[in-house]
1. Taking only Cα atoms of region 77-191, what ratio of Rg to Rh do you get with Rh as the Kirkwood inverse-distance radius?
2. HN-Hα J couplings of region 126-132 from phi, Karplus 6.51/-1.76/1.60, θ = phi - 60°, integer Hz, Gly and Pro as x?
3. For a quick check: with amide H placed at 1.01 Å from N, whose amide H comes under 5 Å from residue 108's, ignoring anything fewer than 5 positions away on the same chain?
Amino acid sequence: MSAQPAVCAAPSPREDARRGPTPEEGARHRHLTVLPIPDNEPPPIPSGQVPVTPDPRFVQGALAVDFRREGHDQLFGPQSTGRGDLPDPEAWARRLITAIMEAMDGLRPSNQLNRWVDPAIRDRIARRGLQARQRNQRPGGALVVRAVRVCEPVDGIAEVAAVIGYRSSVRALALRMSGVDGRWLITALEIG
């Protein structure tokens, strides 16, 4: 006779479900109540109450406002520079316009503009220069900056309008230069 250990079979899951929880198990389990998700959307505005014109407090228009002053650290971020500490804006605008147009023609690497041009504008110039190089496009004549007009609406900001002779045609160019860290930085550029 050999002694074999007694094997107790665990009750099947069906038997457990029919039996239900014991009083000890019931005390350990709590009932979970599922609630609907609250509606966080704002109520719709009736079509008759929607303002047709935007609130004038949020419209910038043609003002020379530099919002970068508020978002940067006052001690270590870019520092605004007043007009007295900056070079002549007309001479700088002439040089920078020439450099920008050469970069857009693919004749100059756009990295040379890093110090004087906002990164978003530099990326636009780089894309245009890449397209010009891919088309193997050659300039149709020398670039001539014919006229430059400078307006300084606020201390440390210069808005420039220029007429340039470019590829045997005449084009208009407008840009905004802001005084940052003792130099001019182009923060807006439009070419017509």
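Rule-based calculations on the coordinates, nothing more; no lab input. A quick note: this is a predicted structure, and the numbers were derived from the prediction, not measured.
1. Using Cα coordinates only, the ratio equals 0.98.
2. 5, 4, 5, x, 5, 4, 5
3. 103
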